[in-house]
Amino acid sequence: HKSGRFFEVSFKVKNTGKYDGAEVIQVYVRKVDDAEGPIKSLRAFRRVPLKAGETCVVSIDLLPTTFEFFDPTTNTMRIMPGKYEIMYGNSSDIPSGNKLSVTLR
């Protein structure tokens with residue numbers, strides 16, 4: 001959801017194993033109409049300790065800089081209007097259900 005100057009993404013994480021451990025949640029962003037840009041860029045991450053069988057809700061703030069991409073018309077990194085995909089998971093291999101769409105105006 002949008003809150004002030006940043007976005008916050010929240011999702012559930014569960015340790016399905018028999019041992020206590022930690023998971024590193026990664027958030028990637030892609031500018032949908034940027035044909036020359038990266039397929040996805042790692043923009044945030046958080047290490048989450050979890051006891052065996054534990055489930056928790058993880059919230060990660062995405063600052064405005066999360067949406068900065070290269071603008072070839074100005075040769076600068078800046079936030080540009082358009083559609084973006086936010087993807088999250090524990091690796092760069094993101095399941096198709098772990099995507100959100102955002103339009104910046």
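The values are calculated or read from the model by the stated rules, or taken from the named source; none is laboratory data. Note that the structure is a prediction, hence the values are computed from the model and not measured. Note that we place each Cβ from the backbone using ideal geometry, even for glycine, and neighbour counts take in every protein chain shown. Calculation scope for accessible area: heavy atoms of the full protein, side chains included, ligands and nucleic acids excluded. Shrake-Rupley method; radii C 1.70, N 1.55, O 1.52, S 1.80 Å.
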Carbon plus sulfur fraction of accessible area for the chain, probe 1.4 Å, in percent
51 percent
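Can you give the local net charge around V13? Use residues other than it whose beta-carbon is closer than 15 angstrom to its beta-carbon, Lys and Arg +1, Asp and Glu -1.
Net charge in that neighbourhood comes out at +2.
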Positive end of the dipole of the chain, charges at C-beta (+1 Lys, Arg; -1 Asp, Glu), about the Cα centre: which of T66, V102, A22 has its Cα farthest in that direction?
A22
Ignoring GluC sites (Glu not before Pro) that are buried or in helix or strand per DSSP, and keeping those with at most 16 other beta carbon atoms within 10 Å, what is the longest stretch of the chain between them?
55-105
Keeping all protein chains in position, work out how much accessible area V24 exposes to a 1.4 Å probe, and write it in Å² to the nearest 10.
60 Å²
Where Cα atoms sit under 20 Å apart: lysine pairs in the chain separated by 8 or more or lying on different chains
15
Could you report the chain's accessible area per residue, 1.4 Å probe, as an integer in Å²?
67 Å²
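In whole percent, what relative contact order does the chain give with Cα contacts below 8 Å and a gap of six or more residues? Spell out each step's value before the answer.
Numbers: 207 pairs, mean separation 31.2, N = 105.
Normalised by residue count, the contact order of the chain is 30 percent.
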